[in-house]
Amino acid sequence: TGLGAHLDRVLAAFAERAPEVPVELVSLPAGERLARVAAGRLDAAFVRSAEPPAGVRVVPLWSDPLVAALPATHPLARRDEIDLADLAGLPLALAPRRVNPALVDLVVGACQAAGFEPVPGPVAGTLHDTLATIGARPLWTVVYASHARVLATPRVAYVPFRAPGLALATGLAVPAADPSPHLEKLLLACGDHES
């Protein structure tokens, strides 16, 4: 989830390198993805800032910048970029920490470093629910910039954070043992994506 255009480019590059290899995409919580890679039930998994279990290594791929998602009618929505501190008075809607600890820790820690404790907003079931709520009332959340492009809606504005911004590292979790030839091609496809 949230890979946006990254995933399309990687899959296209992989299809060029290994047209005979069928790809099956599975959406699971990060912990379950890592456990399945460790058990040999998944060949690879995209993860963000994850600690791999025994038998799994994470190959760094790219850094995913985050942008603020705000109501399109909010005055901050018209800016080219914002400081995190600008959002201090606006409730923050985030997934529960158990669902995405790396993201929650990054955002809450950055708010604290900017001098404020975020006002907790509603916890929605999905990102789409959260964005629908943001379109209807003054709240904010973060989304990956690469994903924001596919989440376009007239009621929500996506505004970059002023440098240094917020970002999480994305990597590919693979078995620690020698990867299969298909995995080597997938890693090369991820590299193609970066160029």
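The values are calculated or read from the model by the stated rules, or taken from the named source; none is laboratory data. Every value quoted in this text rests on a predicted model; they were computed, and no experiment measured them. Positions of Cβ are backbone-derived with ideal geometry, glycine not excepted, and every protein chain shown enters the neighbour counts. Heads up: the accessible areas ignore ligands, DNA and RNA and are worked out on the full protein's heavy atoms, side chains in. Shrake-Rupley method; radii C 1.70, N 1.55, O 1.52, S 1.80 Å.
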Legend entry - Within a Gaussian network of the chain (alpha carbon springs, distance under 10 Å), most fluctuating of 75, 96, 118: 75
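How high is the relative contact order of the chain, in percent, counting Cα pairs under 8 Å that sit 6 or more residues apart? Before the final figure, lay out each step's value.
On the way: 320 pairs, mean separation 80.0, N = 195.
Contact order relative to length: 41 percent.
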Legend entry - Share of carbon and sulfur in the accessible heavy-atom surface of segment 1-137 [1.4 Å probe, %]: 54 percent
Inset, instruction - Starting from the amide H of residue 157, placed 1.01 Å from N in the peptide plane, find each other amide H under 5 Å away whose residue is 5 or more places distant or on another chain. - result: 70, 72
Legend entry - Whole-angstrom gap from segment 1-21 to segment 72-139, using each part's C-alpha centre: 30 Å
Inset, instruction - Would you please give the FRET efficiency between residue 188 and residue 63, computed as 1/(1 + (r/R0)^6) with r the Cβ-Cβ distance and R0 = 22 Å, to the nearest 0.05? - result: 0.65
Inset, instruction - Kindly report the accessible area of segment 64-167 per residue (heavy atoms of protein chains, probe 1.4 Å, no ligands, DNA or RNA), in Å². - result: 50 Å²
Inset, instruction - Would you please give the residues with an amide H less than 5 Å from that of residue 42, counting only those at least 5 places away or on a separate chain, with H modeled from the backbone geometry? - result: 37
Inset, instruction - Jot down the per residue volume, in cubic angstrom and as a whole number, of the convex hull over the alpha-carbon atoms of segment 132-195. - result: 149 Å³
Legend entry - For the chain, share of DSSP beta bridges that run antiparallel, in % to the nearest 5: 90 percent
Inset, instruction - For residue 62, list long-range residues whose amide hydrogen, built 1.01 Å from N in the peptide plane, is under 5 Å from its own amide hydrogen. - result: 170
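For the chain, what is one quarter of the convex hull surface built on the Cα atoms, given in nm²?
Numbers: hull surface 45.8 nm².
Its average projected convex-hull area is 11.4 nm².
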Legend entry - Mean separation of Cα contacts under 8 Å (6+ apart) over length of segment 64-167, as relative contact order %: 53 percent
